[in-house]
Amino acid sequence: MSTDSGTAPVVALANCSKQYPGVLALQNAEFELRAGEVRALLGKNGAGKSTMIRLLTGAELPDSGTVTIGGAPLVEGPSRRAAEAYERGVRVVYQELSLVMEMSVAENLFLGRWPRRSGVIQQSEMTAAAEVALSRLGVNLAPNRTVASLSPAERQLVEIARVLIGHPKVVILDEPTSSLADAEAKLVLSAVQRIAAEGIAVIYVSHRMAEIRQIADSVTVMRDGRIVETVPIEGADTREIVRLMLGTEAAERAAIMPPPRGTPVLEVRNIALAPKLSDVSFTLHRGEVLGIAGLLGSGRTELLETIMGHRPRDAGTIRHDGRNLSGSSYRAMVRRGFGFTPESRKDAGIVPMLGVDENTVATDFGAVGRWGILSPRRIADATRRVVDRLHVKTARTDTPIGTLSGGNQQKVVIGRWVHAGSDVLLLDEPTRGVDVEAKAQIYDIIRELAAEGRAVIFVSSEIEELPLVCDRVLVLRGGRLVEELTAPGIDPDGLLAACLAA
């Protein structure tokens, strides 16, 4: 929704700076947003986006400068500042959902703010208000359904509906579609457009340029703690936006030219897993990066989990280096040289409070111990080898991994299998939620590992990235493989059409 640039801003930062120990996170930031405007906020990890959001929500106090909401500066001290920002209408939906799965939709919408009378929660009042909030987004969900029964897209919409309770003036959405395929993401984009049409200002953080062009009026680009430019989305050139984000021209990636096909390392034949997979067959060769494309729910994750031994298959055979694998457990597959990175880095990929070192060597403690006793020196040496090789940015090997950027966390998740010496890597959404620079680095890491003779399966819901890293791509639809494309003839439009076909 376009806005009148002459109206007063709903929120503004004036000359705001914020420094943490050793890091200047935000420097002299100037930012304004008006009612009904959708502003995309772009920048690689560490650019200052999260710091700016924390200032706007009152979670942080700037070292200098002023945060203004509704025409008046935030004045409360640290303990009350977030409550003041909330009362003035600032709402935020973070990338990682904060829903309680066992509770109903209505209970989640009012989480922590349940309407009470004489100490009793008013269920009917809560249900009626939930229906209103959901209808504002065009969502037809029964308020009494449990969140656990919802699809990922529906859960994201519940998160957005929750911030509409009350009278929001600004809604901040942090990567709201990062875990959704294109078809599901459309539901969220439609909800954003409805919010803006009501006159609510939206800050939309995303790395997906196609989405940004659909919904944003303007783009603010950040780099190294500075706001470098704000431009209208109409007519904005993607290469120029990437240049602003990185500070250099975006390098063109050379087309993938598949090497001569190596020996078969993994042969999957007629795999079935009701109701997700039916008669799936393919061969993975040594030195190959094999992509799996498909919409959310097509069976991509289930296929990797079945191969890895997380799920017992109903039918079919799996052969590794010519040997049949029957009833293999996850632990047995790890011993055979298989590595697996899960779809959700936060939930299943890392232990945030443990160090980079502990997260790295967890796949093979035997290599860093002697007579059953772990060696701190060997752990540090093994971790440093992985950190150096995969270009993980961390000051120390024992730094808690949860303090690293998403891209560096993901490199460690992949690197633990390099430490283990795995020669078959099953990577489920290995670039989810990381910035454009980190994505390019992860592509290069995967290509290097394949060039050494490892075999890689690369699952992604971002169709446009598959031609940048894969030698072949298989399209999974409705639990069946329906098409195969080979580099350099892998076309994103053709892939998307195959994924969406009836």
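The values are calculated or read from the model by the stated rules, or taken from the named source; none is laboratory data. Since the model is a prediction, treat every value here as computed from it, not as a measurement. Note that we place each Cβ from the backbone using ideal geometry, even for glycine, and neighbour counts take in every protein chain shown.
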Single condition E60 does not satisfy, out of (1) closer than 30 Å to P143 by Cβ; (2) part of a loop (DSSP other than H, G, I, E, B): (1)
Tell me which of these Q193 doesn't satisfy, since it passes every other one: (1) modelled with pLDDT of 90 or more; (2) farther than 26 Å from E125 by Cα; (3) surrounded by 19 or more Cβ atoms within 10 Å (Cβ to Cβ). (3)
Return only the number of the condition from (1) at pLDDT 90 or above; (2) surrounded by 21 or more Cβ atoms within 10 Å (Cβ to Cβ); (3) under 25 Å from the mean Cα position of the chain (by Cα); (4) not aliphatic (A, V, I, L, M) that G407 does not satisfy. (1)
In this structure, does P275 turn out to be surrounded by fewer than 15 Cβ atoms within 10 Å (Cβ to Cβ), in a loop (DSSP other than H, G, I, E, B), assigned by TED's automatic domain parsing to the domain that holds L449 and at pLDDT below 90? yes
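Let's see how each residue does on (1) closer than 29 Å to P152 by Cα; (2) in contact with a Lys or Arg (Cβ under 7 Å, 6 or more places away or on another chain); (3) in the same structural domain as V434 (by TED's automatic domain parsing):
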position: L304; (1), (2), (3): yes, no, yes
position: R311; (1), (2), (3): yes, no, yes
position: A315; (1), (2), (3): yes, no, yes
position: H320; (1), (2), (3): no, yes, yes
position: S326; (1), (2), (3): no, no, yes
position: F338; (1), (2), (3): yes, no, yes
position: T341; (1), (2), (3): yes, no, yes
position: S344; (1), (2), (3): yes, no, yes
position: I350; (1), (2), (3): yes, no, yes
For R389, indicate whether it is of a type in the set (K, R), modelled with pLDDT under 95 and in a loop (DSSP other than H, G, I, E, B). no
Output the number of the condition that D364 fails; it satisfies all remaining conditions of (1) closer than 30 Å to L97 by Cα; (2) more than 21 Å from the chain's Cα centre (by Cα). (1)
Pairs returned, first residue in the range 114-136 that is without any contact (Cβ under 8 Å) to a residue 60 or more places away in the chain, second residue that is in a helix (DSSP H, G or I) and β-branched (V, I, T), beta-carbon separation under 7 angstrom, 6 or more apart or interchain, are A130/V105
Is it true that A216 is touching a Phe, Trp or Tyr at 6+ places or on another chain (Cβ under 7 Å) and either modelled with pLDDT of 90 or more or surrounded by fewer than 18 Cβ atoms within 10 Å (Cβ to Cβ) (or both)? yes
For the subset of the range 51-63 comprising residues that are more than 14 Å from E84 (Cβ to Cβ) and buried (at least 22 other Cβ atoms within 10 Å of the Cβ), which member is modelled with the lowest pLDDT? T51
Checked T283, T306 against criteria (free of Cβ contacts under 8 Å to residues at least 40 places away in the same chain, within 27 Å of D491 (Cβ to Cβ), of a type in the set (S, T, N, Q) and in contact with a strand residue (DSSP E or B) (Cβ under 6 Å, 6 or more places away or on another chain)); the one match is T283
Extreme residue, farthest from K49 (Cα to Cα), among residues of the range 204-240 that are touching a residue at least 60 places away in the same chain (Cβ under 8 Å) and among the charged types (D, E, K, R): D217
Helices (runs of 4 or more DSSP H) (entirely within the range 64-142) containing at least 3 residues that are modelled with pLDDT of 85 or more and surrounded by fewer than 16 Cβ atoms within 10 Å (Cβ to Cβ): 78-87, 123-136
Residues satisfying the stated conditions in the range 158-167, i.e. farther than 16 Å from E96 by Cβ and buried (at least 19 other Cβ atoms within 10 Å of the Cβ): A161, L164
For the range 11-33, how many residues meet the condition of being part of a loop (DSSP other than H, G, I, E, B) and either modelled with pLDDT of 95 or more or not assigned by TED's automatic domain parsing to the domain that holds R213 (or both)? 0
Taking the condition touching a strand residue (DSSP E or B) at 6+ places or on another chain (Cβ under 9 Å) and either among the charged types (D, E, K, R) or outside the structural domain of A153 (by TED's automatic domain parsing) (or both), does I445 pass? no
Of the residues in the range 402-450, those that are of a type in the set (F, W, Y) and under 26 Å from V205 (Cβ atoms) number 1
Anything in the range 179-211 that is β-branched (V, I, T) and in contact with a Ser or Thr (Cβ under 6 Å, 6 or more places away or on another chain)? List them, or say none. V188
Check on E229, under 28 Å from F31 (Cβ atoms) and over 20 Å from the mean Cα position of the chain (by Cα): yes
Could you give me the residue pairs with C-beta distances under 7 Å whose first residue belongs to the range 406-418 and is of a type in the set (F, W, Y), whose second residue is surrounded by 23 or more Cβ atoms within 10 Å (Cβ to Cβ) and not in a helix (DSSP H, G or I) wherever it lies, and which are 6+ apart or on separate chains? W417/G339; W417/L425
Which residues, counting only those in the range 242-275, are more than 26 Å from R336 (Cα to Cα) and touching a Gly at 6+ places or on another chain (Cβ under 7 Å)? M245
